[in-house]
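Below is one structure; the comments refer to it alone.
The values are calculated or read from the model by the stated rules, or taken from the named source; none is laboratory data. Keep in mind that this is a model prediction, so the values were computed, not measured. Cβ placement follows ideal geometry from the backbone for every residue including glycine, while neighbour counts extend to all protein chains displayed.
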Amino acid sequence: MAISISPNSEPIPGYRLKDRLGSGGYGEVWECEAPGELTKAIKFVYGRMDDDRAARELKSLNRIKTARHPFLLSLERIEVIDGQLVIVTELADQCLKDRFEECKASGLCGIPREELLVYMSDTADALDYMSEKHSLQHLDVKPENLLLLGGRVKVADFGLVKELHGVTASMMGGLTPLYAPPEVFDGRPTRFSDQYSLAIVYQEMLTGVLPFAGTTAAQLAAQHLSGKPRTSALQPSDQAAIERALSKDPRRRFNNCKELVSALANPASSQPHAGVDLAERAPRSGESVTAKLTATPAPASFARQPAVSDSCLPQVLSAAPLKLMGPLPLEAPRTYRPLVLVGVGGLSTQVLQRFHQRIHDQFGSAEAVPAIEMLVIDTDQKSLLMASRGVGADVLPQRQLLAAPLRKPQDYRDDSSLILKSMSRRWLYNIPRSQQTEGLRPLGRLALLDAAGSIRAKLVEALQAVMDPAAIAAAEKTLGAPLRAAAPQVIVTASLCGGAGSGMLPELGYLARSAMQELDCQQGSVTGLLLYGSGRNPTAKDLGMANAFACLSEIAHYGHSDSYYPGDQSLALEATEAPPYDQTYVMSLGDDLADDQFAAGAEQVASYLYLTAAAPASAYLDRCRQSASQHQEKSGDLELHTFGLAQLGGVQDDLLDSMTDLTCRRLLQHWRGEPGDLSSGDTSPTCSELTAVRRSSQAPAPEISLRQMETRAAQILDQVDLSMEHLLARTMEIVKEQLEGDPRSFFHQLSSDFEPADISQAAGESLLETLVQIVGPRKKECPLEDLSQSLLGRALQQAFLEPARNDARQLNDALLALADDNPQRLDGAGQAVSWVQKQIQRTNETSREITTLLERELDSLERFFFPLPPVDPASKRSRQAPAPPDPREQRSKYFDRRLHALTLQGVRAYLRIILRSLTETENALSDLSRDLKATAGRFDYVARQNLALDGQSASLHRLRRRSDELAAQLEQSFFGGQSRALTTFLSKERTLKDELVEELRVTGRMVVLAAIKELNAQNLPGMEDNAATNRLRHVMQSAMPLLADCGGEKRLIVSSPKTHGETLAHIIRNEFQEIAALENSRGDSFICYECQGLSLPHVARELIDARADIAELANRLRTRSDVDWNPWSAPVFSRV
């Protein structure tokens, strides 16, 4: 007996099939609901167990079932049911081929390289585990068999898995020729076979181009056996690795799949190792690289050491505080510049995420300003993955992320002679096992050497994108002002304290300059934005301070008039007398910072970048930098910039998050049908009062709402017409069609051979059996009312199925539409469904009552199919005895009643289809309402509403009173004014607890942000408002940069809406006289100090608190050993 494979069937008890996911040459895969309401995948292998393909699959499963690895798809159950192989596994999100198609649909040629390398690494781990631990080869590695689950790969479909010992059978059954290695066509797989297939998958998923172009199995076999692979679609560094992995001779390939992936991630390692004996070892597991560094001869301790000589500190005179300068003339018309923003390391990743969020908040989408591109570089791949996960506006696209991990020490053998020209041997051979810098800046430079080619290519690509005419036109439309396409700017931001950022900063500016030169951007500029901030770990703080000091000293050396940058062959950079950056900013966030203080600092830097890139202040800030550059050219010394920033009436995260949660929560409550009127707003101050007011004054009485929904439901039910009379008439039409005419005439023709007087027991039974075949058994003999047991029943079943489904669909669509068209939303739609169910059940009950009466009548009529008892002669002589009924007439009446009962049974069957559909709809609405309630709980407003929000309680109070109004705006923004938006949205397959939360929060944030800006504009101080003026003085003080005592000049900039800008400028001029007042039409009010001419030596001493031990340690953290670094004590560094 064959297994029933259809929706809702249970081939294995407890495993209910839901949807078919796909099929292939070996079988088909379904999604199923397993015990415990878990979702699993279930595969049915074609053929019986005595067929070759099913037997091969089971044999393969027996080989692999003992293997346990996080990147192997788990086999949870293997069954043979009725001779057919059935396999239950965990259910993945999608396969790699699906991800590839998504990327293609978005305009990419394939999966972004950095993302793909993560998938390849997972696959390689799993395949090498199979090979090295179990001597198994998968032999069917292809995109469809690499499943994605939680952003990681699960290798699946083990139908061709083979042991490498004693393989003699043909391998052709089930083979996928596109990806098969040549030795498999000969039936001789090796431990290098899966590597060959993985290389083909990598090229196809990255470029969309297969290395072998055959279209038939024969062509592909010939090409795999003797053809040369086409790898020109790959970048040169990838070509060498892929060509090696696709060697016809398996022995010439990499030792394992992980070596292949490592060669792709680190191109210099793709050549065969030369066997150089390393003089120094890598750190042991668990050993601190920093500890090993400090254990080398004459180490500098990270602890404070006052006894160390201060000769390595800059010898400077005391510096004057920042001098306030007058405003520069405003440029007319206002212009912007294309921007490539480069971030290195974890802190800069936070900055760029918040910048991405701010651009999204201001313009609705980061893509609205295509003349701004970003690139994030980090040695920590996990950090990059975290930055790209989720759906919030702070999530960075994969194409903007570049992983630059270090390699293992032995992988530098082939390049060691070149690298050691500029770096100390101890760094090359003391790379942490984590392959991250662990705070050591020389390792940051080593990572830069490894990734230089990729970074330069990314920079060129980004510059081309921001200067593209279409991007310029779109950005001009968004910003409302022209862009200077020929004058792009690159801003590099990184932490001075981190290993990656501090190590890359001195030469990353030169890489950006080389990208500019490649595109002939003569008017372009490169700006360095160097961030300083230390945490509370003393050891990490001292190392960070030393990194900062060393980085600034190197930048000072390259920028000094008596020095030059010597170039570097590994970086393909030539010698130059130019400094790394046209302008160098140093922004101090402070010392001993907690995580939330780092986040606040990242937000401040992101706001400044927003002013620089996409706010009306952009052109003015550019003028300030040009003025500073002219001054620096005259003086010949490298001078620093800094800034201070405060947002007037700013949007604090707590306030924004609190109101976003309340707004989203209120909308979800409204969708469920909780009382309230979103269109009218709410003026009550607290949540409890909100509910009370709505229930007392806004929400209609429950009995009125119910009557209204019943009226709407009745109108919908009338349109479908499921009345007893209508359904009986439709059923009888089908019966007449099947009987080819009047039922009475049909029966008379059927019974014409039976005379009433001659009927026998056998003849009566025969006629009844014929009638049962036509109309089915009676209800008492078949209580399940199975229509399939009779000819007419089967005809009714077939004729009713599609019309009933259509009526059910029409009814459900109309009822679901009520969720968008009634004040009670889902609750109202559920009430309507319940009312319609009751009406249909009443019709059903009426049908059953009539059927019961008919059954009683049929009991008395059935006796006329058999010989009647003899008539008593005495009764014949009695004149009072009635004449016996005509048996023919009684049998005809019996047939008529049976047909009537059958049509009633057909009506019930028709209504069962409708009721089953309505039950599913009712359950779906109930599930949605329950999910929405749970999802509303994810917006934790109740926990936030009692926060002390630093002077924003009044704003919170006013915004909270508008919660319903904001929720209505959120719904309008979320759906864009579509009709039936809620039901359409909720009918899609989605995870409410994840996707809906993030999508609503992103849109809700924009709605609330606009409301806060409007409120802030109303709250700007007036000329006679003394209290507000005092608050303004406090805000201006908080905007003052920390590096305010290192010499230089400052300019004060006020950017505010036009309606309040003049008032604000008047108040500030009374205090400071010299300001630049700029109009900002987007509702933000900023006070910014733009500072220039800071003494670099003073800044360096300030950041390390003039600690000689830190300066001494910094000397050991130089990134290059081939440069004769200028001593800080030289007179040229003693500028005040």
### Query
Is it true that some residue in segment 375-383 is aliphatic (A, V, I, L, M), in a loop (DSSP other than H, G, I, E, B) and under 30 Å from K477 (Cβ atoms)?
no
### Query
Is it the case that V141 is modelled with pLDDT of 90 or more, buried (at least 18 other Cβ atoms within 10 Å of the Cβ) and assigned to a loop (DSSP other than H, G, I, E, B)?
yes
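Among the candidates L322, L352, which residue alone is crowded, with 18+ Cβ neighbours inside 10 Å and over 30 Å from V1002 (Cα atoms)? Reasoning before the result, please.
Values: L352 fails: over 30 Å from V1002 (Cα atoms).
When all the criteria are applied, what remains is L322.
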### Query
Across segment 409-453, which residue is surrounded by the fewest Cβ atoms within 10 Å (Cβ to Cβ) among those that are of a type in the set (F, W, Y) and either assigned to a helix (DSSP H, G or I) or modelled with pLDDT of 85 or more (or both)?
W427
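Hand me the list of strands (runs of 3 or more DSSP E) wholly inside segment 1-103 holding 2 or more residues that are exposed (fewer than 14 other Cβ atoms within 10 Å of the Cβ) and modelled with pLDDT under 90. Quick ask: steps written out before the conclusion?
Details: elements: 16-23, 27-34, 38-45, 75-81, 84-90.
Answer list for segment 1-103: 16-23, 75-81.
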### Query
Going through segment 883-934 one residue at a time, which ones are touching a residue at least 60 places away in the same chain (Cβ under 8 Å) and not in a helix (DSSP H, G or I)?
D886
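Just wondering, is there one or more residues in segment 237-244 that are assigned to a loop (DSSP other than H, G, I, E, B) and in contact with a Gly (Cβ under 9 Å, 6 or more places away or on another chain)? Even if it seems obvious, please write down each step before you answer.
So the first thing to find is which residues in segment 237-244 are assigned to a loop (DSSP other than H, G, I, E, B), and the list is none.
Checked segment 237-244: no residue is assigned to a loop (DSSP other than H, G, I, E, B) and in contact with a Gly (Cβ under 9 Å, 6 or more places away or on another chain).
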### Task
With the condition kept exactly as written, say whether any residue in segment 994-1014 is at pLDDT 75 or above, surrounded by 20 or more Cβ atoms within 10 Å (Cβ to Cβ), among the hydroxyl-bearing types (S, T, Y) and within 30 Å of L621 (Cα to Cα).
no
### Query
Scanning for something charged (D, E, K, R), free of Cβ contacts under 8 Å to residues at least 40 places away in the same chain and assigned to a loop (DSSP other than H, G, I, E, B), does segment 509-531 turn up at least one residue?
yes
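Among D542, D568, D520, D562, which is buried (at least 21 other Cβ atoms within 10 Å of the Cβ) and farther than 21 Å from E1112 by Cβ? So that I can check it myself, show each step before the final result.
On the way: D542 fails: farther than 21 Å from E1112 by Cβ; D520 fails: buried (at least 21 other Cβ atoms within 10 Å of the Cβ); D562 fails: buried (at least 21 other Cβ atoms within 10 Å of the Cβ).
Just one listed residue meets the conditions, D568.
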### Query
Can you name every residue in segment 243-253 that is surrounded by 22 or more Cβ atoms within 10 Å (Cβ to Cβ) and closer than 21 Å to K408 by Cα?
A245, R253
### Query
Taking interchain pairs and intrachain pairs at least six residues apart, which have beta carbon atoms under 7 angstrom, with the first residue in segment 343-365 and closer than 22 Å to L508 by Cα and the second among the aromatic types (F, W, Y) and assigned to a helix (DSSP H, G or I)?
L347/F598; F355/Y610
### Message
E115 - would you say it is assigned by TED's automatic domain parsing to the domain that holds Y196, of a type in the set (D, E) and touching a residue at least 60 places away in the same chain (Cβ under 8 Å)?
### Response
yes
### Message
Need pairs with beta-carbon distance below 6 Å; first residue assigned by TED's automatic domain parsing to the domain that holds Q84 and within segment 34-46, second in a strand (DSSP E or B) and surrounded by fewer than 16 Cβ atoms within 10 Å (Cβ to Cβ); sequence gap 6+ or separate chains.
### Response
F44/E28
### Query
L341 fails exactly one of the following numbered conditions: (1) out of contact with any Leu (no Cβ under 7 Å at 6 or more places or on another chain); (2) closer than 15 Å to K458 by Cβ; (3) buried (at least 19 other Cβ atoms within 10 Å of the Cβ). What is the number of that condition?
(1)
### Query
Right, A274: modelled with pLDDT under 95, outside the structural domain of E132 (by TED's automatic domain parsing) and assigned to a loop (DSSP other than H, G, I, E, B) or not?
yes
### Any hit, segment 972-984, residues being modelled with pLDDT of 65 or more, part of a loop (DSSP other than H, G, I, E, B) and crowded, with 20+ Cβ neighbours inside 10 Å
no
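Got a sec? Which of S285, S269, S262 is under 21 Å from L406 (Cβ atoms), under 34 Å from the mean Cα position of the chain (by Cα) and at pLDDT below 75? Give the derivation first.
Working: S285 fails: under 34 Å from the mean Cα position of the chain (by Cα); S262 fails: at pLDDT below 75.
Only one candidate passes the filter, namely S269.
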### Query
If we scan segment 615-633, do we find a residue that is at pLDDT 90 or above, closer than 29 Å to P538 by Cα and either of a type outside the set (S, T, N, Q) or part of a helix (DSSP H, G or I) (or both)?
no
